[in-house]
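Engineer: This is the structure, below, for whatever I ask next.
The values are calculated or read from the model by the stated rules, or taken from the named source; none is laboratory data. Keep in mind that what you see is a predicted model, and the values were worked out from it rather than measured. All Cβ positions, even for glycine, are placed from backbone atoms using ideal geometry, and neighbour counts span all protein chains on display. These area figures cover heavy atoms from the full protein model, side chains too; ligands, DNA and RNA do not enter into them. Shrake-Rupley method; radii C 1.70, N 1.55, O 1.52, S 1.80 Å.
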Amino acid sequence: MTRIGVLDLQGGVAEHVEHLRRLGVCAVRIKKEADFEGIAGLIIPGGESSCISRLLRLYGLERVIYTHYAAGLKLWGSCAGAILLAKNIIGEETSHLALIDIDIQRNAFGSQLDSFTIEEKIPDIDENPIPLTFIRAPKITRLGDGVRALLTMGDYVAAAEDMQTLVTVFHPELTPNLAFHRYFCQKCGLDIENKTEQDMAFE
Ligand SMILES: NC(=O)CC[C@H](N)C(=O)O
């Protein structure tokens, strides 16, 4: 179980695969049930949550995710992925996978034009500030029991986790920084060396 899957239906797949590769982790593009074999974690990338949700159902992958989740698969949803994993989407009647007890508000910052990148220190993730890119990002507005905030910003939470699932409303895969990918791989039980980004750039 040393591989990490990236759900490859729509959205920012290649960027996650590249970040995992830079960490020396075997990344698997997940398109069908057989691809889940031997993965310790699954990244659900950013993109368009309604589109990814439709494709998940079309290809029968919701059931496969539930089965593997029940067997211990770790999950990370970035942006649209976080929306897909949330138990409750504000203003919508139904949720999608509903595997982490949070409320989330879609498109909470406005349109694509209101995208931005900031740097924040997130002590649980890395000792150095991490660049965070928000693109039509949601806001996490409630955390349920067993869910803890990794980054709170004013009136919303931007990153959170429970025992099995990590959610970020921003896109670590769109910056050169590897801290969130390293953290997720460690959450999945992978033995990631603590190499710096500079070390890896010269490999
Ligand atoms: N960058 C993103 O993943 C945007 C998410 C998108 N606004 C949605 O609702 O799915």
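Engineer: Which net charge results for the neighbourhood of R148, defined as the other residues with beta-carbon distances under 11 angstrom from its beta-carbon, given Lys and Arg at +1 and Asp and Glu at -1?
Structural biologist: Taking every other residue near R148 into account, the sum is -4.
Engineer: Measuring from centroid to centroid over Cα atoms, what is the spacing of the range 124-159 and the range 1-44 in Å?
Structural biologist: Each part's Cα centre sits 23 Å from the other's.
Engineer: With runs of 4+ DSSP H residues as the only contributors, calculate the mean residue ellipticity of the chain at 222 nm using -39,500 (n - 2.57) per run, divided by the residue total and rounded to the nearest 500.
Structural biologist: -6500 deg cm²/dmol
Engineer: How much length would be gained if the chain were fully extended between E48 and A98, taking 0.36 nm per residue of separation minus their Cα-Cα distance, in nm to one decimal?
Structural biologist: 16.4 nm
Engineer: When only alpha-carbon atoms are used, what values of Rg and Dmax, in angstrom, describe the range 107-166?
Structural biologist: Rg then Dmax for the range 107-166, in Å: 12.3, 35.
Engineer: Taking amide H positions as placed 1.01 Å from N in the peptide plane, with prolines and chain starts having none, which residues 5 or more places from V6, or on another chain, fall under 5 Å of its amide H?
Structural biologist: V28, R29, I30, I43
Engineer: Name the residue from Y59, N88, Q186 whose Cα lies farthest towards the positive end of the charge dipole of the chain, charges +1 on Cβ of Lys and Arg and -1 on Cβ of Asp and Glu.
Structural biologist: Y59
Engineer: Rounded, prolate or oblate, given the Cα gyration tensor of the range 94-198, with a/c below 1.5 counting as rounded?
Structural biologist: It is oblate, given that a/c is not under 1.5 and a/b is not larger than b/c.
Engineer: Can you find, among V167, T117, L150, the residue sitting farthest towards the positive end of the charge dipole of the range 3-201, where Lys and Arg contribute +1 and Asp and Glu -1 at Cβ?
Structural biologist: The one lying farthest along the dipole's positive direction is V167.
Engineer: In Å², what does the accessible area per residue of the range 1-137 work out to with a 1.4 Å probe?
Structural biologist: So the range 1-137 comes to 46 Å² accessible per residue, rounded to a whole number.
Engineer: Apply the Karplus parameterisation 6.51 cos²θ - 1.76 cosθ + 1.60, with θ equal to phi minus 60°, to every residue of the range 155-162 and state each ³J(HN,Hα) to the nearest whole Hz, in sequence, with x for glycine and proline.
Structural biologist: 8, 9, 9, 9, 8, 8, 7, 10
Engineer: Work out how much length M163 to K32 would gain on full extension: take 0.36 nm times their residue separation and subtract the Cα-Cα distance, in nm to one decimal.
Structural biologist: Between M163 and K32, full extension yields an extra 44.6 nm.
Engineer: Something else: Decide, for the range 3-201, between rounded, prolate and oblate: order the square roots of the alpha carbon gyration tensor eigenvalues as a ≥ b ≥ c, take rounded if a/c falls under 1.5, and otherwise choose prolate if a/b is larger than b/c, else oblate.
Structural biologist: Cα axes put the range 3-201 in the rounded bin.
Engineer: Could you compute Rg(Cα) / (2.2 N^0.38 Å) for the range 21-82, with N its residue count?
Structural biologist: Expressed relative to 2.2 N^0.38 Å, the Cα Rg reads 1.11.
Engineer: Separation between the Q186 and E18 pseudo-spin-labels, each 7 Å from Cα along Cα→Cβ, expressed in nm?
Structural biologist: According to this spin-label approximation, the distance is 2.5 nm.
Engineer: Now for a different question. Determine ³J(HN,Hα), in whole Hz, for all residues of the range 82-96 in sequence, where each value follows from phi through the Karplus function 6.51 cos²θ - 1.76 cosθ + 1.60 and θ = phi - 60°; x replaces Gly and Pro.
Structural biologist: For the range 82-96, the Karplus curve yields 5, 5, 5, 8, 5, 6, 9, 9, 4, x, 10, 6, 10, 9, 10 Hz.
Engineer: A further question on this structure: Pop a pseudo-label 7 angstrom from the Cα along the beta-carbon direction at both D126 and R63 and give the gap in nm to one decimal.
Structural biologist: Inter-label distance under the simple model: 4.1 nm.
Engineer: While we're looking at this one, here's another question. Hey, any idea what % of the chain's accessible area is carbon plus sulfur with a 1.4 Å probe?
Structural biologist: 49
Engineer: Might you report the magnitude of the Cβ-based charge dipole of the chain about its Cα centre, with Lys and Arg at +1 and Asp and Glu at -1, to the nearest 20 debye?
Structural biologist: That gives the chain a dipole magnitude of about 520 debye.
Engineer: Given the range 3-201, what percent of its DSSP beta bridges are antiparallel, to the nearest 5?
Structural biologist: Beta bridges within the range 3-201, antiparallel portion: roughly 45 percent.
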